Amino acid sequence: MVERNNIIFGFHDDPNVPKEYRSLQKSMDDNYQSSDIVTESLQAKTIIFFGLSMGYIDGVYFKNLFEQISNLANPQMINKRVVFITKNTLSGNDIKNNLLDAGINLQLLYNSNRVDFIYTDDNQKDKTETIFEGLLNGI
């Protein structure tokens with residue numbers, strides 16, 4: 001974590017990695033500590049992702065979160081506002097594809113929460129300015 005002055009390089013746990021390379025996994029580093037990011041996110045009403053692609057590396061952290069807030073059987077976990085701030089619709093589509101690749105059902109996510117994309121590209125400013133203003137007013 002940056003605030004602790006220790007950024008850990010490595011890859012995520014994979015039981016198929018030969019034992020002689022497991023020391024390269026992040027969790028093997030002595031500075032690797034548990035994080036309550038999913039628990040804290042589940043308690044939040046608004047969850048904002050800024051600049052994350054939701055690719056494999058990000059997905060390891062957030063797959064459980066998306067599964068839980070898409071679970072219509074648990075009404076306490078749904079009705080969140082999820083905002084992705086990214087460059088443009090192309091990067092927004094990449095995020096959606098990465099979530100699908102991680103096994104997240106986007107229809108359930110959209111039906112059980114408010115999901116918005118805010119684009120930072122000036123060409124899409126008009127499209128997302130209202131969403132951004134509403135987000136700021138709601139915080």
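The values are calculated or read from the model by the stated rules, or taken from the named source; none is laboratory data. None of the values given here were measured: they were computed from a predicted structure. Virtual Cβ from ideal backbone geometry, glycine too; neighbours counted across all protein chains shown.
Any chance region 103-114 includes a residue that's crowded, with 16+ Cβ neighbours inside 10 Å, more than 13 Å from the chain's Cα centre (by Cα) and without any contact (Cβ under 8 Å) to a residue 40 or more places away in the chain?
At the first step, the residues of region 103-114 found to be crowded, with 16+ Cβ neighbours inside 10 Å are 104, 108-109, 112-113.
In the following step, the residues that additionally are more than 13 Å from the chain's Cα centre (by Cα) were identified as 108, 112-113.
When the remaining residues are screened for being without any contact (Cβ under 8 Å) to a residue 40 or more places away in the chain, the result is 108.
There is at least one residue in region 103-114 that is crowded, with 16+ Cβ neighbours inside 10 Å, more than 13 Å from the chain's Cα centre (by Cα) and without any contact (Cβ under 8 Å) to a residue 40 or more places away in the chain.
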| task | Test F132 against the stated conditions and say whether it is more than 17 Å from I37 (Cα to Cα) and among the aromatic types (F, W, Y). | result | yes
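Every residue, every condition in (1) free of Cβ contacts under 8 Å to residues at least 24 places away in the same chain; (2) of a type in the set (V, I, T); (3) not assigned by TED's automatic domain parsing to the domain that holds Q43, yes or no:
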site	(1), (2), (3)
F62	no, no, no
E67	no, no, no
S70	no, no, no
V82	no, yes, no
T86	no, yes, no
N93	yes, no, no
K96	yes, no, no
L100	yes, no, no
| request: Could you check how many residues of region 52-86 are part of a loop (DSSP other than H, G, I, E, B) and surrounded by 14 or more Cβ atoms within 10 Å (Cβ to Cβ)? | output: 9
| request: Tell me which residues, restricted to region 71-93, are at pLDDT below 90 and among the small types (G, A, S). | output: A73
